[in-house]
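The values are calculated or read from the model by the stated rules, or taken from the named source; none is laboratory data. On a predicted model such as this, the values are computed, not experimentally measured, just so you know. Please note: Cβ atoms are built from the backbone with ideal geometry, for glycine as well, and neighbour counts cover all protein chains shown. Ligands, DNA and RNA are excluded from the accessible area calculation, which covers all protein heavy atoms including side chains. Shrake-Rupley method; radii C 1.70, N 1.55, O 1.52, S 1.80 Å.
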Amino acid sequence: MAKTRRTGAVLRAQHGVVASFPNDFFGYFAWPSIAQTAGERLVVAASGLRNDAHCPFGRTVLCDSEDGGQSWSSPRVINDTPLDDREAGLVALGEERLLLTWLSREDQKRAGKQLLSINDRETADRWRAGFARMGPYEVDEFAGAWMRLSEDGGRQWEAPQRLMLAAPHGPIALQTGGLLLLGKYFSSMDSYASGAGAIASMRSTDGGRSWDLGGTVPLMEDTVEAQYSDAHCVELPDGRLLGLLSFRDTSADDESAGYSMLQTRSENRGRQWSVPEPLSLHGGPPHLLRHSSGTLICTYGYRKPPYGQRVMMSVDEGETWDCDYVLRDDGVDAELGFPASVELKDGSVLTVYYQKERNVRDRCSLQWTRWSLPG
């Protein structure tokens, strides 16, 4: 069983902003991923130009940087279906090729409750107009997990293609040249909204144009599928796979504080997965990166005071983790997280995430932190 050791050490870091419009109606950004092209251009994908975490306005946006993340382009829209386009994953496939994933969902049950609490008439009317676009045809046509490919670094994109699995940070590139996605099975909007759907893997050997379903992650005893979500994985040097996923403790009073992470492994390239093991720490969802030093890095959101973004690291392929390195602990509330990271050419790490910049009234922005491994 994997062991965790809490450090609480604060990492030396530089912080900045990818995109921030905290006072705009469509100023909410969330759930980013980051990739680096062969030309060292950085690209961030996120759900943006929204009004809230659950609203009818989500769009997939891209921002890019030519200077190592110090400055970023304005967000440009890549997807804007009639539904809420969320959770953008991104992976570089060599040269300027990129693969983008996202989830389109109709969220009227949850967001509709929030609509009832909106006192501003103009805002409420705009929400109702957004929901009016989500008829049965639109749900059948657009709901689900999607991907699309770009050959030129995200300037132009091929037609969207359906996927069987949804994952916030998308697939990983394998040493053999293939792709592997560890995510939650999507069968229908109603079942997915209820939490139904196993965590499973699928693999592509042709750059994402076709996929084969792999194995399913077994459930721990006395748990249900609705407690499992938001998976990501990393390939180890010997070809084994290590996966992390979010787990929700349904007995917790505070939903945000009830999240932790589980660890699973595959010895046969995703055809079978081990029963997951609890890591016994608060936080998630996970994003995994293998650093050039061999250290495994997992970044995750910390949704209990002090709110912020944290890191855990392993030098023994996930057998033990040093946890709760602090990237930042200045979040104003629990509305934050989903950090994702890339290694830059000097060995430093650039992590992107979402949180509010100044106060609880702000809409969430995309932010970045550049940091180095301790020691």
Practice prompt. Express in whole angstrom the spacing between the alpha-carbon centres of the range 51-85 and the range 152-228.
Written response: 21
Worksheet entry | Debye log10 I(q)/I(0) at q = 0.10, 0.18, 0.20 Å⁻¹ for the range 134-285, Cα point scatterers | -0.38, -1.11, -1.28
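With a Förster radius of 41 Å, plug the Cβ-Cβ distance of L116 and A38 into 1/(1 + (r/R0)^6) and report the FRET value to the nearest 0.05. Walk me through the numbers on the way to the answer.
Values: r = 49 Å, r/R0 = 1.20.
Using R0 = 41 Å, I get an efficiency of 0.25.
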Worksheet entry | For G308, residues with placed amide H under 5 Å, excluding near neighbours | Y302, G331
Worksheet item: At a probe radius of 1.4 Å, what is the per-residue accessible area of R76, in Å² to the nearest 10?
Response: 70
Worksheet, complete the sentence: What one gets for the range 146-194 as the Kirkwood radius, inverse of mean 1/r over different Cα pairs in Å, is 12.6
Practice prompt. Evaluate the range 178-243: find the radius of gyration of its Cα atoms, find its Kirkwood radius, and give the ratio Rg to Rh.
Written response: 1.01
Item to complete: At a temperature of 25 °C and a viscosity of 0.890 mPa s, determine how fast the range 75-125 diffuses translationally according to Stokes-Einstein, using the Kirkwood radius over alpha-carbon pairs as Rh; express D in µm²/s, rounded to the nearest whole number.
Response: 179
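Taking N as the number of residues in the range 218-325, what is its alpha-carbon radius of gyration divided by 2.2 N^0.38 Å? Walk me through the intermediate numbers first.
On the way: Rg = 13.7 Å, N = 108, 2.2 N^0.38 = 13.0 Å.
It is 1.05.
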Discussion item. Under 5 Å between amide hydrogens, which residues at least 5 positions from R86 or on another chain qualify, with H placed 1.01 Å from N in the peptide plane?
Written reply: L103, S104, R105
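When only Cα pairs under 8 Å and 6 or more residues apart are kept, what is the percent relative contact order across the chain? Before the final figure, lay out the partial values.
Values: 1050 pairs, mean separation 68.9, N = 375.
Rounded, it is 18 percent for the chain.
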Fill in: For peptides 215-225, 27-37, 330-340, sequence by mean Cβ density within 10 Å, most packed first
27-37, 330-340, 215-225
Worksheet item: Residue-wise, which Karplus ³J(HN,Hα) couplings in Hz belong to the range 350-359, taking 6.51 cos²θ - 1.76 cosθ + 1.60, θ = phi - 60°, and x for glycine or proline?
Response: 10, 10, 10, 6, 10, 5, 7, 6, 10, 8
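Using just the helices of the chain, give the 222 nm mean residue ellipticity in deg cm²/dmol: DSSP H runs with n ≥ 4 each add -39,500 (n - 2.57), and the total is spread over all residues, rounded to 500. The partial results should precede the final answer.
Details: 4 runs with 33 residues, N = 375.
That calculation yields -2500 deg cm²/dmol at 222 nm.
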Practice prompt. Hey, can you find the accessible area per residue of the chain for me, probe 1.4 Å, expressed in square angstrom?
Written response: 41
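Wrap a convex hull around the Cα atoms of the range 283-346, take a quarter of its surface area, and give that in square nanometres.
Reported value for the Cα convex hull: 4.4 nm².
Below 15 angstrom from the Cβ of M1, what's the summed charge of the other residues (Lys, Arg +1; Asp, Glu -1)?
Details: positive: K3, R5, R265; negative: E221, E277, D316, E317, E319.
Taking every Cβ under 15 Å from that of M1, the sum is -2.
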Practice prompt. Mind checking which lysines have their Cα closer than 29 Å to the Cα of K113? Skip sequence neighbours fewer than 8 apart in that chain.
Written response: K184, K304, K356
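Given contacts defined as C-alpha pairs under 8 Å and at least six residues apart, what's the relative contact order of the range 1-109, whole-number percent? Don't skip to the answer; put the middle values down first.
On the way: 233 pairs, mean separation 25.0, N = 109.
This gives 23 percent for the range 1-109.
Report the net charge of residues surrounding Y228, where surrounding means a beta-carbon distance below 11 angstrom and charges are Lys +1, Arg +1, Asp -1, Glu -1. Please list the in-between numbers first.
Details: positive: K184, R248; negative: E225, D230.
Surrounding charge for Y228 is 0.
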Practice prompt. Run the 1.4 Å probe and let me know the accessible area of T7, rounded to the nearest 10 Å².
Written response: 60
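Give me the Kirkwood hydrodynamic radius of the chain, using the inverse of the mean 1/r over all pairs of distinct Cα atoms, in Å to one decimal. Present the calculation step by step, with values, prior to reporting the outcome.
Details: mean 1/r = 0.0487 Å⁻¹.
Evaluated on the chain, it is 20.5 Å.
Carbon and sulfur together cover what percent of the accessible area of the chain at a 1.4 Å probe radius? Please list the in-between numbers first.
Numbers: 7100 of 15210 Å².
Roughly 47 percent of what the probe reaches on the chain is carbon or sulfur.
Quick one, what does Rg over Rh come out to for the range 1-67 if you take C-alpha atoms and the Kirkwood Rh?
1.11
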Worksheet item: Across 10 Å bins from the origin, how do the percents of Cα pairs in the range 1-117 run, short distances first?
Response: 13, 36, 27, 20, 4
Item to complete: State, to one decimal in nm², a quarter of the convex hull surface area for the C-alpha atoms of the range 58-187, i.e. the direction-averaged projected area.
Response: 10.0
